[in-house]
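None of the figures in this text is laboratory data; all of them are computed from the coordinates on show. This one's a predicted model, so the numbers in the text were calculated from it and none came from an experiment. Note that each Cβ is placed from the backbone with ideal geometry, even for glycine, and that neighbours are counted across all protein chains shown.
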């Protein structure tokens with residue numbers, strides 16, 4: 001599976017959009033981009049995934065570049081409860097996923 | 001939908017004790033379940049992949065005789081840490097996957113914090 005690169009930490013003001021970047025330059029054609037988040041001492045929570053088209057659900061939007069080498073997770077109106085570690089992972093879900101250290105997002109009041 | 005329940009949430013026990021952790025998919029059938037371990041300030045490390053009715057596939061460096069995995073039904077997988085020692089103290093997390101196309105996301109339980117004294 002391809003590896004990803006994410007910033008170690010980010011800050012965001014409550015109510016503003018949080019844009020979390022991810023680089024996955026070695027992604028292969030059949031691999032999806034998945035985003036999860038982990039709130040302290042809990043299991044990861046699935047957020048969204050996509051192949052090449054932009055995706056949106058009730059939690060977030062996923063923007064994937066045309067060359068698929070990077071993506072951005074957008075939380076449109078961040079709240080304090082969105083403070084968590086956000087993981088960007090590429091691969092197929094029925095195969096082993098390689099988890100990095102993610103981005104620690106702090107939403108500030 | 002896609003709720004995964006993990007039990008217990010926390011275990012504290014003496015060295016040498018065996019500990020069983022259960023992972024249940026509550027509203028779907030999980031053809032595949034995964035077991036992860038997470039040490040403080042580190043990321044999730046896959047321990048093993050478990051398919052219903054067959055033997056688990058362990059990752060390199062994970063002792064299959066120490067971490068016994070059973071996936072006897074489509075809604076239940078168990079991880080037993082045998083003769084646990086302090087170095088086995090960690091956060092253990094399971095995830096479950098439905099069948100179907102390969103792009104379906106894994107859904108995770110809330111984890112079990114294991115502390116061996």
Do you know the relative contact order of chain B, to the nearest whole percent, from alpha carbon pairs under 8 angstrom that are 6+ apart?
37 percent
Cβ-based exposure ranking for A:4, B:80, in which fewest neighbours within 10 Å come first
B:80, A:4
How crowded by other chains is A:26-38, given as the mean number of beta carbons from other chains within 10 Å of each beta carbon?
2
A correct fewest-to-most ranking of A:66, B:22 by other Cβ atoms within 10 Å would be A:66, B:22
With a 10 Å Cβ neighbour count serving as the proxy for reagent exposure, in which order, fewest first, do B:75, B:82 appear?
B:82, B:75
Plugging the Cβ-Cβ distance of residue A:23 and residue B:12 into 1/(1 + (r/R0)^6) at R0 = 45 Å yields, to the nearest 0.05, a FRET efficiency of 0.65
For a test of the definition: using alpha carbon positions, the gyration tensor, and the 1.5 limit on a/c, classify the stretch B:12-71 as rounded, prolate or oblate.
rounded
